[in-house]
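Chemist: Attaching a single structure in structure tokens format; questions to follow.
The values are calculated or read from the model by the stated rules, or taken from the named source; none is laboratory data. Keep in mind that this is a model prediction, so the values were computed, not measured. Note: ideal-geometry Cβ built from the backbone for every residue, glycine included; neighbour counts use all protein chains shown.
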Amino acid sequence: MVGPYLWSAAAVITAAGIGLALTSQVRLPNVSMVFLLAVLFSAARFGIWPALVSSGLSFLAYNFFFIEPLHSFGVTEPHELLALFVLLAVAVLTSTIAGHAREQARRAAEREVASRRLYKFARRLSALADPQSVVDHAAIQAHGDLRCPCMILLSEGAGSWYRQPGPQRST
């Protein structure tokens, strides 16, 4: 799955382009916020790992295009080095938080689908009158949920698998 990583790289390239366009028009004190948008996009859309790649690329692009000396990865001013590492730390933290939020939303959606299926199944079962219909519908539901052939085996005599509650006799 290279697609999410390519989209994340494209987001960073877009952020760099927007940052360059903005700084050519107006002096901005902190262009790094544009790169955080690319990281948030990657985290919200693709998850933690593409967002971490986006964080690293943002770090490099910000250093290359916006930190003196331009078009190199060197840093001459200590405060620029601090700004660069703050960008990296915030980008990694943001990508991790947004990625976890995305994963939790995905899990919640899966739980909601499962709950709806179980609710429909319970409603269907409660409307059935005879035990054979309950068994048939349970097999159909298991077949639909598991996506493989299913069969429910029942014992011929109830005594072999079920014992009436009551006092036990010792022999």
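Chemist: Please count how many residues of the stretch 69-89 are under 19 Å from Ile13 (Cα atoms), in a loop (DSSP other than H, G, I, E, B) and touching a residue at least 12 places away in the same chain (Cβ under 8 Å).
Modeler: Total meeting the criteria: 1.
Chemist: Let me ask something else. Given the conditions (1) outside any helix (DSSP H, G or I); (2) surrounded by 10 or more Cβ atoms within 10 Å (Cβ to Cβ), report the number of the one that Tyr119 does not fulfil.
Modeler: Single failed check for Tyr119: (1).
Chemist: Another question about this same structure. Given the condition modelled with pLDDT under 90 and in contact with a helix residue (DSSP H, G or I) (Cβ under 6 Å, 6 or more places away or on another chain), answer yes or no: does some residue in the stretch 71-83 qualify?
Modeler: Yes, because at least one residue in the stretch 71-83 is modelled with pLDDT under 90 and in contact with a helix residue (DSSP H, G or I) (Cβ under 6 Å, 6 or more places away or on another chain).
Chemist: Residues that are part of a helix (DSSP H, G or I), at pLDDT 90 or above and either assigned by TED's automatic domain parsing to the domain that holds Ala101 or within 16 Å of Leu84 (Cα to Cα) (or both): does the stretch 24-33 have at least one?
Modeler: There is no residue in the stretch 24-33 that is part of a helix (DSSP H, G or I), at pLDDT 90 or above and either assigned by TED's automatic domain parsing to the domain that holds Ala101 or within 16 Å of Leu84 (Cα to Cα) (or both).
Chemist: Determine which single condition Pro149 fails, assuming it passes every other condition in (1) modelled with pLDDT of 80 or more; (2) surrounded by 13 or more Cβ atoms within 10 Å (Cβ to Cβ).
Modeler: Among (1) modelled with pLDDT of 80 or more; (2) surrounded by 13 or more Cβ atoms within 10 Å (Cβ to Cβ), Pro149 violates only (2).
Chemist: Which residue out of Phe65, Phe35, Phe41 is under 18 Å from Ala101 (Cα atoms) and of a type in the set (Phe, Trp, Tyr)?
Modeler: Checking each option against the conditions leaves just Phe41.
Chemist: Would you check which residues across the stretch 12-51 are buried (at least 18 other Cβ atoms within 10 Å of the Cβ), within 13 Å of Phe65 (Cβ to Cβ) and of a type in the set (S, T, N, Q) and list them?
Modeler: Ser32
Chemist: Filter the stretch 125-143 down to residues that are in contact with a Cys (Cβ under 9 Å, 6 or more places away or on another chain) and without any contact (Cβ under 8 Å) to a residue 12 or more places away in the chain and give me whichever is surrounded by the most Cβ atoms within 10 Å (Cβ to Cβ).
Modeler: Ala142
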